[in-house]
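S.K.: First, the structure itself, so that you have it in front of you.
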Amino acid sequence: MSTSPTTHAEWTTFAASLKIETGLFIDAQFVAAKAGEHFDCISPSNGEVIAVMAKGGAADIDAAVASCLAAWQDGRWHQQAPRTRLAIMLKWADLVEAHSHELAALESMDMGKPISDMFNIDLPEVLKTIRYFAECIDKVEGAVTSTDASAMHLITHEPLGVVGAITPWNYPMLMAVWKLAPILAAGNCVVLKPAEQAPLSCLKLAQLFVAAGGPPGVFNVVNGLGAEAGKALALHPDVQKISFTGSTAVGKLLMGYAGQSNMKRVALETGGKSPQIFLPDLYDLDAAIDRAIGGIYDNAGQVCNAGSRLLVHRSLHDRFVERFVARTDALYRMGDPLDPATTMGPLVSQVQKQNVLKRIQRAQEQGAQLVLGGNATPPNAAGAYVAPTLFTHATQKMAIVQEETFGPVTSLQVFDTEAEAIAMANDSIYGLAASVWTADLKTAHRVVGALQAGVIWVNCFGDGDMTQPFGGYKQSGNSRDKYKDSMLSYMQTKSAWFNLA
Ligand code: NAD
């Protein structure tokens, strides 16, 4: 197509015309899995098979790690001048931008994300992340510490070697790039195991890295299942660190695999159950509700920091619920992800749809009151669609308050005092994010100090930039993505003491 697609029909035609890579990407080549196995890549909007992917296993992980190790040992990436690597990373970003229509269509077909979200959120964030970490490459500095004249002491930062990245399906490219950009900028080689539900865009990212001048073997991708390829990567003795985004349950397994193998470092970005607290003195209730809605329903609620626990002061309750329901109806149009008018697509799979429906049923059985959604049908039964859902009369012990749903479902609880709201917010195994809405700076400062979460928003939700470290407290993880310090987490410190006497 010579011009960019704009209408639903044009996007559908464009998506159908794309050449989809289905192999594993090792040493800059697409290859079949050694065992010759495959898995289907299924469209969540209509259940059709989009592609038949090579299914990598332990032998393919061995080959991908060996390729990375060879690249690491001959220094073809980390021994290049910092500004050469910086230029390659910037060229990579330029190529991603030049292929944005293709990447957007792949991701939209594969994961079900509305094509408009790809251009408003995912792609701009992917580009910003690669460019930010590219610009960090020649800003890493060591130190010469104070000694007496008989010695000199240098502290330097060196890459780790071969790093493994294991990523989820909710923002397939963006979650991968939050790992890949700092890993590569730090000078490491990487094997990526993308989520089996949505691997297509990551294969393209790797191909574009090589097209930008990235040396073969520096960035390899092995598609496959978590319990096979993911586990083999996490157990591999030549991998120095695993960087993971996904569920808390799998995060715990990875810590075990590290202990069983080579004690590799394990960086975890895991689940969340983020509270949004609405205090009675907030500036503008209507504006706050619009942001609260986006905080839970964007990306069909498949967001680790989704604000899925609304904590609303009793004095605001009736107005809050009435407007929340009306505005959700106005703000979301469910439909085919390739339709530019769609603002909520399907969930990633039928499996995820059934998980979410079971949680909706359980909330009703436990006594929460369904006031919005709760159904699976719109806009078609073959797709993995679940309507935006709100439960009121939720109580602290209910599963809908304690457990991650990872779908467009939220609970609402009322409180009478600030202390009560903070206690409810903190009563969770998770601590990824939280928001507080108040017009009083002193109140905001006090509540921020009391909340147990790694990311807190005051009078907003989800705002931020690359300068904001992103990660959780408690069982939401042990590391931070974004921000320049995350690049240092893919390096190790060397202390060299020179005897000059
Ligand atoms: P998941 O844990 O099921 O899978 C994530 C990745 O781990 C996939 O690539 C999967 O194949 C792999 N995996 C599964 N079992 C494995 C094993 N035994 N060994 C090695 N790898 C294995 O998570 P998901 O369902 O893909 O994603 C949703 C989860 O991700 C949610 O819990 C969400 O909160 C979390 N998430 C967290 C963040 C964050 O920054 N904290 C961001 C996005 C998503």
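Read the figures in this text as sums done on the coordinates, not as results from a lab. Everything quoted here is computed from the prediction, not taken from an experiment. Quick reminder, even Gly has a Cβ in these numbers, built from the backbone with ideal geometry, and neighbours come from all protein chains shown.
S.K.: Under the 0.36 nm per residue contour assumption, what length would be gained going from the current alpha-carbon distance of Asp138 and Ala341 to full extension?
M.R.: That works out to 68.8 nm of additional length.
S.K.: Helix 123-136 against the longest principal axis of the chain: what's the angle in degrees, Cα atoms only, rounded to the nearest 10?
M.R.: Relative to the chain, helix 123-136 is tipped by roughly 40 degrees.
S.K.: With each pseudo-label sitting 7 Å past Cα toward Cβ, what's the Trp497-Arg314 distance in nm, one decimal?
M.R.: 6.5 nm
S.K.: How far, in degrees from 0 to 90, does helix 200-211 lean away from the longest principal axis of the Cα atoms of the chain, to the nearest 10?
M.R.: Once rounded, the angle reads 30 degrees.
S.K.: Same structure, new question: Where does the charge balance sit around Ile137 when Lys and Arg score +1, Asp and Glu -1, over other residues with C-beta under 10 Å from its C-beta?
M.R.: Charge balance in the 10 Å sphere: +1.
S.K.: Okay, moving on. With angles folded into 0 to 90 degrees, how steeply does helix 441-450 sit against the dominant principal axis of the chain? Use alpha carbons for both and round to 10.
M.R.: 60 degrees
S.K.: Further, regarding this structure: On full extension of the chain, what length is gained from Ala382 through Ala81, given 0.36 nm per residue of separation minus the C-alpha to C-alpha distance?
M.R.: Answer, rounded to one decimal: 103.1 nm.
S.K.: Write out the cysteines belonging to the chain for which the nearest other cysteine Cβ is not under 4.7 Å, or none if no such cysteine exists.
M.R.: Cys41, Cys136, Cys202, Cys304, Cys460
S.K.: Sticking with this one: Using alpha carbons only, how many angstrom separate the centre of region 82-112 from the centre of region 188-239?
M.R.: So the two Cα centres are separated by 15 Å.
S.K.: For n ≥ 4 DSSP H runs only, could you compute -39500 (n - 2.57) per run for the chain, divide by its residues and tell me the 222 nm figure to the nearest 500?
M.R.: The helix-only estimate for the chain comes to -11500 deg cm²/dmol at 222 nm.
S.K.: Counting other beta carbons within 10 Å of each Cβ, put Phe244, Phe406 in order, fewest first.
M.R.: Phe406, Phe244
S.K.: Would you list which lysines come within 25 Å of Lys273, measuring only between C-alpha atoms, while excluding same-chain residues fewer than 8 positions from it?
M.R.: Filter leaves Lys113, Lys179, Lys252, Lys353, Lys358, Lys397, Lys474, Lys482.
S.K.: When we measure straight from the Cα of Lys264, which aspartates and glutamates land under 19 angstrom away, once same-chain ones fewer than 8 places off are left out?
M.R.: Correct list for Lys264: Asp62, Glu158, Glu228, Asp238, Asp481.
S.K.: Taking only C-alpha pairs under 8 Å that are 6+ residues apart, what is the relative contact order of region 275-464 in percent?
M.R.: Relative contact order for region 275-464 comes out at 27 percent.
S.K.: Sticking with this one: Hey, got the dipole for the chain? About the Cα centre, +1 on K and R Cβ, -1 on D and E Cβ, debye to the nearest 20?
M.R.: Dipole size: approximately 840 debye.
S.K.: Further question: Around Gln369, what is the net charge, scoring Lys/Arg as +1 and Asp/Glu as -1 over all other residues with Cβ under 15 Å from its Cβ?
M.R.: -2
S.K.: Counting Lys and Arg as +1 and Asp and Glu as -1, what is the net charge of the other residues whose Cβ lies under 11 Å from the Cβ of Glu107?
M.R.: -2
S.K.: Right, here's the next one. Skipping prolines and chain starts, which residues have an amide H placed within reach, meaning under 5 Å, of the one on His153, given they are 5 or more residues away or on another chain?
M.R.: Thr145, Phe498
S.K.: Continuing with this model, one more query. Rounded to the nearest 0.05, what FRET efficiency do Lys34 and Ser247 have when you use their Cβ-Cβ distance and R0 = 41 Å?
M.R.: After rounding to 0.05, the efficiency reads 0.90.
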